[in-house]
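Enquirer: Next up is a structure, given as structure tokens.
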Number of protein chains: 2
Amino acid sequence: MRVLVLGGDGFCGWPTSLYLSDRGHDITIADNLSRRKIDIELEVDSLTPIRPIGERLHALKEVSGKEIGFVNVDLATEYDRVVALLEELRPDAIVHFAEQRAAPYSMRTEKTKRYTVDNNVRATHNLLTALATTGIEASLVHLGTMGVYGYGWSGSAPIPEGYLTVKVPTPDGELEREILHPANPGSVYHLTKTLDQLMFSFYASNDRLRITDLHQGIVWGTQTEQTIKDERLINRFDYDGDYGTVLNRFLMQAAVGHPLTVHGTGGQTRAFIHIKDTVRCIELAIANPPEAGAKPLVRNQITETHRVLDLAKMIGDMTGTEIAYLPNPRREAEENELCVRNDQFLALGLKPTTLSEGLLEEVHEIASKYKDRADPAKIIARSVWRQGMETSADLLTELPADK
Amino acid sequence: MRVLVLGGDGFCGWPTSLYLSDRGHDITIADNLSRRKIDIELEVDSLTPIRPIGERLHALKEVSGKEIGFVNVDLATEYDRVVALLEELRPDAIVHFAEQRAAPYSMRTEKTKRYTVDNNVRATHNLLTALATTGIEASLVHLGTMGVYGYGWSGSAPIPEGYLTVKVPTPDGELEREILHPANPGSVYHLTKTLDQLMFSFYASNDRLRITDLHQGIVWGTQTEQTIKDERLINRFDYDGDYGTVLNRFLMQAAVGHPLTVHGTGGQTRAFIHIKDTVRCIELAIANPPEAGAKPLVRNQITETHRVLDLAKMIGDMTGTEIAYLPNPRREAEENELCVRNDQFLALGLKPTTLSEGLLEEVHEIASKYKDRADPAKIIARSVWRQGMETSADLLTELPADK
């Protein structure tokens, strides 16, 4: 298949592009390199030494003989170039990672709130408009988030895959209606994914676009079978308070000798997936699109759920690292239960890569290898959900030399 | 109260500004004059000879002694100027009409689809961000639409005011949950209002903004007690296929001797409100905002429902005008029933101005007075919901001289 990967230079996009290429698909990456530019703005860098996209692609050709195309284009602002690219490429599938993806960054300042909405909404809507107008029949696979559902909304019922059947009272008795699960976004970032969902529903119905929305959990891990083949292909590893995700942050903190930062009680239960499963799920999704005229197909892209504090304790025990309980900069429930349906990907053949000591060790080792690149002043999460919320000072100004 | 009216030069915004000024409020209009510029793009003009905003405000001062401030600013793109205006004015209430408001225009071309989303989403989100960041405690009243609910979704149950109580099955029995009524938008324009709703919910919760969302029906009529005082204060009257609303179009068509254009079977039932009631509802809404911390208050701003064909027949009988059945450029159900709750405004004291021969005659007379300004080539609705849908040719190339 000819696959266009929007946002193919990012944390999920890059390993997905490599994996799909390895599996024989013809890949073109479109990316405006915004993720690298935000690093510059935040004065932080991937813990792993990611190479420029040109060098990445050059290395890929050396290592595997495969070529991946690259176009530097801004999906949110360069509509005409996006249309021209679609017309030229006529892809069979489009994978859409081209959105600002960090909740803390989306809450950081008025500028980042506005950027997140303006970028994400326009990127998605431009793509939908372009597909509707050009009539290109590519199926669209979008990276959404589990965070659209909220936590604890439906009591003991597991979170379904996108749609919920409810009973609506009427004078003539109750009606059963299948609805998009009510939106309960926890940040401006999550909000944009709930806006995406409504746009998908409309364009799937009005223009018969074939859309899959993947409600992904928190990704952990960093390397895949493809990114590990050459150091120049290495995936990014975010450990900072805005872009770092919880499990990778704990593993990095343990590796560099920083206390494990639990914000709040740690009672938050979240859904997780390893990056190796992310790339497999994308392939399953592009191979199994919905029919034209069908509503968007929503698949929960998660493999397991864990309580944040349990993860901290496990890694603390494994590595002998202490836990630091810090003020929570987010507005969220202190504790929640979480049960999520993920039947669809299991039925399509996904074999979940679950949390195991070996895998944790692997990530820990990568973090150890590059620990000299870490800046201790970037570890604490300080983007607050409301002005005036308390945050922690840095716990360490220098990282221990001997860890 | 000090009231900022965003979009205060438009069809609803102008009479609202005049009405609130007449009632003793201190009004500032912010408007980028986009509605007038779209007229230029569509090569059409208001049937009534609206005057430039400067002349309107000058005339108001002459006629009533009242002053209304005016700032030409683009809410979607000039964020810093919006913040400065809010800081300077520190309004008690903000009325937000500043969105592209025509469903056909929103479906006309890829450019107008993109403009509608980019403008409406950014306008609303900029406003929310500005209020959250500045901490200005103005309550926000937004003009939404009945079209967010869709038609026929809940069987015989009347459409509630924004929120619906449903039963959610769980392993421990059914849970009752109050949800935002599921979104069933019929156009990109309506879609943007469903996106607005999700943004309102998030910012009302996260930042304790006080937000009222008015789900308005189709507005008819043109003049109010204030706009009628001087011809220079006259309100706009849209009759073209994109911006004209159904009942006003029928009245105009009858006045100029054009067949009444029923697109489809005319079996569509819609909710209506007279412009005189729109302005009263806005005043009731700003006087009765929700508390900080409450979810957005949704009020259905409608007074009656009618079947499109019934309206055509009534006006046809009243004026001796024939009905022309034309292909429907929209994707919508051919027929629907409609029952809508509007208890809130009735409880607040609204006395509905319902369809009456006198009022219809008044609008018909305004249309007659300015019929020489009508362009018969602008009457047929031709913005199709999907490429290739059939549209009608012009029915008349010249309007009858003697009507």
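Enquirer: Within the range B:59-82, work out how many residues are within 14 Å of another protein chain (Cβ to nearest Cβ) and crowded, with 19+ Cβ neighbours inside 10 Å.
Expert: Final tally of qualifying residues: 5.
Enquirer: Taking into account only those residues within the range A:189-201 that are at the interface with chain B (Cβ under 7 Å from one of its Cβ atoms) and more than 15 Å from the chain's Cα centre (by Cα), which is farthest from B:Ser187 (Cα to Cα)?
Expert: Taking the candidates together, the pick is A:Leu195.
Enquirer: Separate question: Select from the range B:378-401 the residues that are on the phi < 0 side of the Ramachandran plot and free of Cβ contacts under 8 Å to residues at least 60 places away in the same chain and write down the one among them that is farthest from the other protein chains (Cβ to nearest Cβ).
Expert: B:Ala401
Enquirer: Would you check if A:Tyr105 is closer than 23 Å to A:Glu78 by Cβ and away from every other protein chain (no Cβ under 11 Å)?
Expert: yes
Enquirer: Checking the condition outside any helix (DSSP H, G or I) and out of contact with any Pro (no Cβ under 9 Å at 6 or more places or on another chain), which residue from A:Arg236, A:Arg249, A:Arg280 passes?
Expert: A:Arg236 is the lone residue from the list that is outside any helix (DSSP H, G or I) and out of contact with any Pro (no Cβ under 9 Å at 6 or more places or on another chain).
Enquirer: Take the residues of the range B:362-391 that are closer than 21 Å to B:Arg236 by Cβ and of a type in the set (Asp, Glu): which is surrounded by the fewest Cβ atoms within 10 Å (Cβ to Cβ)?
Expert: Once the filter is applied, the top-ranked residue is B:Asp372.
Enquirer: In addition: Just checking, does the range B:68-81 include any residue being more than 22 Å from the chain's Cα centre (by Cα), farther than 18 Å from B:Gly7 by Cβ and touching a residue at least 24 places away in the same chain (Cβ under 8 Å)?
Expert: Among the residues of the range B:68-81, not one is more than 22 Å from the chain's Cα centre (by Cα), farther than 18 Å from B:Gly7 by Cβ and touching a residue at least 24 places away in the same chain (Cβ under 8 Å), which makes the answer no.
Enquirer: Within the range A:385-402, how many residues are among the aliphatic types (A, V, I, L, M) and touching a helix residue (DSSP H, G or I) at 6+ places or on another chain (Cβ under 9 Å)? Let's see the steps before the verdict.
Expert: Taking the range A:385-402 first, the residues among the aliphatic types (A, V, I, L, M) are A:389, A:393, A:395-396, A:399, A:401.
Still in the running and touching a helix residue (DSSP H, G or I) at 6+ places or on another chain (Cβ under 9 Å): A:395-396, A:399.
The total comes to 3.
Enquirer: Here's a follow-up. Would you please list the contacts, defined by Cβ atoms under 6 Å and residues six or more apart or on different chains, that run from a residue in the range B:153-174 that is more than 9 Å from chain A (Cβ to nearest Cβ) and over 15 Å from A:Glu176 (Cβ atoms) to a residue that is in a strand (DSSP E or B) and of a type in the set (S, T, N, Q)?
Expert: If the second residue must be in a strand (DSSP E or B) and of a type in the set (S, T, N, Q), the pairs left are B:Glu161/B:Asn300.
Enquirer: Please indicate, with yes or no, whether at least one residue in the range B:312-325 is within 30 Å of B:Gly162 (Cα to Cα), out of contact with any Phe, Trp or Tyr (no Cβ under 6 Å at 6 or more places or on another chain), in contact (Cβ under 8 Å) with a residue 24 or more places away in the chain and of a type in the set (S, T, N, Q).
Expert: The answer is no, given that none of the residues of the range B:312-325 is within 30 Å of B:Gly162 (Cα to Cα), out of contact with any Phe, Trp or Tyr (no Cβ under 6 Å at 6 or more places or on another chain), in contact (Cβ under 8 Å) with a residue 24 or more places away in the chain and of a type in the set (S, T, N, Q).
Enquirer: Would you confirm, using the coordinates I've provided, whether A:Gly147 is at pLDDT below 95, under 29 Å from A:Val384 (Cα atoms) and more than 10 Å from chain B (Cβ to nearest Cβ)?
Expert: Criteria not met by A:Gly147.
Enquirer: Pairs please, first residue from the range B:119-138 and more than 7 Å from chain A (Cβ to nearest Cβ) and within 16 Å of B:Leu4 (Cα to Cα), second anywhere and in a helix (DSSP H, G or I) and of a type in the set (Phe, Trp, Tyr), Cβ atoms under 9 Å, 6+ apart in sequence or on different chains.
Expert: Partner pairs satisfying both residue conditions: B:Thr124/B:Phe200; B:Leu128/B:Phe200; B:Leu128/B:Phe202; B:Leu128/B:Tyr203; B:Ala130/B:Tyr79; B:Leu131/B:Tyr203.
Enquirer: Sticking with this one: Do we have any residue at all in the range B:357-373 that's assigned to a strand (DSSP E or B) and polar (S, T, N, Q)?
Expert: No, because not a single residue in the range B:357-373 is assigned to a strand (DSSP E or B) and polar (S, T, N, Q).
Enquirer: Which one of the conditions (1) loosely packed, with under 15 Cβ neighbours inside 10 Å; (2) more than 27 Å from A:Asn184 (Cβ to Cβ); (3) modelled with pLDDT under 95 does A:Leu359 fail to meet, given that it meets all the rest?
Expert: (1)
The values are calculated or read from the model by the stated rules, or taken from the named source; none is laboratory data. Computed from a predicted structure; not experimentally measured. Reconstructed Cβ throughout: ideal geometry from the backbone, glycine too, with neighbour counts over all protein chains shown.
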